[in-house]
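The values are calculated or read from the model by the stated rules, or taken from the named source; none is laboratory data. Every value quoted in this text rests on a predicted model; they were computed, and no experiment measured them. Using ideal geometry, Cβ is built from the backbone for each residue, glycine included, and neighbour counts are taken over all protein chains shown.
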Amino acid sequence: MRSPDNIMALSQLVPDYMGFIFWEHSKRFVTSPTPNLPASIKKTGVFVDAALTYILDIAKQHQLQALQLHGDESPDFCQKLQTTGLEVIKAFAVDAAFDFSVLETYESVCDYFLFDSKGELPGGNGSRFDWSVLRDYPAVKPFFLSGGIGPKDQGAVASIINLNLPIYALDINSRFEREPGLKNIEIIKQFKATL
């Protein structure tokens, strides 16, 4: 999200989280101030292997409440961020060979996990991984489901929700955009109404 008008239009749909990307290689990289959001929406910064000082500076500058980490951040790094009072969401790139045992050391230092599709980029690839691998999810930690969720995926979303996994939220992005960083508000509104 970058356009103030688009951000405020999306805020009218009252999402639980709204993401702002602070990874300079992204087409959605935020380069200007972000507007204040209603208190019910957690302003979330998305980072990839950023320095601790950079994350904390950005969090203060943009009044972030949550952090989404899409790199190779260590459990120790996550713990340092968590002690600041910011919500920590650790993302993992998933494919058919994903080893769920890597999650164990992150359990106590993250508020949530996020499962995204493994692809060329750390996120925003617009493709969906095979959600059936989540049947083997060994933890109780709630997670965000991400990775290529699109406007016509209500059936697939309902199917995975029916598995009684601890899904906390859906992370939608590129397939709901007119262009990178500009959300199609009407399509999001229609999708939300079907859930």
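Can you name every residue in region 156-175 that is at pLDDT 95 or above and part of a helix (DSSP H, G or I)?
If the condition is that a residue be at pLDDT 95 or above and part of a helix (DSSP H, G or I), then no residue fits.
Determine whether F191 is surrounded by 13 or more Cβ atoms within 10 Å (Cβ to Cβ), at pLDDT 90 or above and hydrophobic (A, V, I, L, M, F, W, C).
Details: surrounded by 13 or more Cβ atoms within 10 Å (Cβ to Cβ): yes; at pLDDT 90 or above: yes; hydrophobic (A, V, I, L, M, F, W, C): yes.
For F191, the condition - surrounded by 13 or more Cβ atoms within 10 Å (Cβ to Cβ), at pLDDT 90 or above and hydrophobic (A, V, I, L, M, F, W, C) - is met.
Give region 176-194 a look and list any residue that's part of a strand (DSSP E or B) and either under 17 Å from F144 (Cα atoms) or without any contact (Cβ under 8 Å) to a residue 60 or more places away in the chain (or both), or say none.
Matches in region 176-194: E177, R178, E179.
Where residues in region 94-116 are surrounded by 18 or more Cβ atoms within 10 Å (Cβ to Cβ) and not aromatic (F, W, Y), which of them is nearest to D16 (Cα to Cα)?
L114
Answer yes or no: is there a residue in region 121-140 that is at pLDDT 90 or above, among the small types (G, A, S) and surrounded by 17 or more Cβ atoms within 10 Å (Cβ to Cβ).
No, the conditions are met nowhere in region 121-140.
Where residues in region 21-58 are charged (D, E, K, R) and buried (at least 20 other Cβ atoms within 10 Å of the Cβ), which of them is modelled with the highest pLDDT? Spell out the reasoning first.
So the first thing to find is which residues in region 21-58 are charged (D, E, K, R), and the list is 24, 27-28, 42-43, 49, 57.
The next check asks that each one be buried (at least 20 other Cβ atoms within 10 Å of the Cβ); those that pass are 28, 43.
Working: R28: 93, K43: 98.
Looking at the filtered set, the residue picked out is K43.
What about A93, is it more than 20 Å from F143 (Cα to Cα), not charged (D, E, K, R) and not in a loop (DSSP other than H, G, I, E, B)?
no
Identify all residues within region 161-186 that are aliphatic (A, V, I, L, M) and either under 17 Å from V46 (Cβ atoms) or touching a Lys or Arg at 6+ places or on another chain (Cβ under 9 Å) (or both); write none if there are none.
Those that are aliphatic (A, V, I, L, M) and either under 17 Å from V46 (Cβ atoms) or touching a Lys or Arg at 6+ places or on another chain (Cβ under 9 Å) (or both): L163, L165, A169, L170, I172, L182.
When you go through V140, V102, V88, V94 one by one, which is the residue that is among the β-branched types (V, I, T) and in contact with a Cys (Cβ under 7 Å, 6 or more places away or on another chain)?
Only one candidate passes the filter, namely V88.
For region 93-106, give me each residue that is touching a strand residue (DSSP E or B) at 6+ places or on another chain (Cβ under 9 Å) and more than 16 Å from R135 (Cβ to Cβ).
Hits for region 93-106 are A93, V102, Y106.
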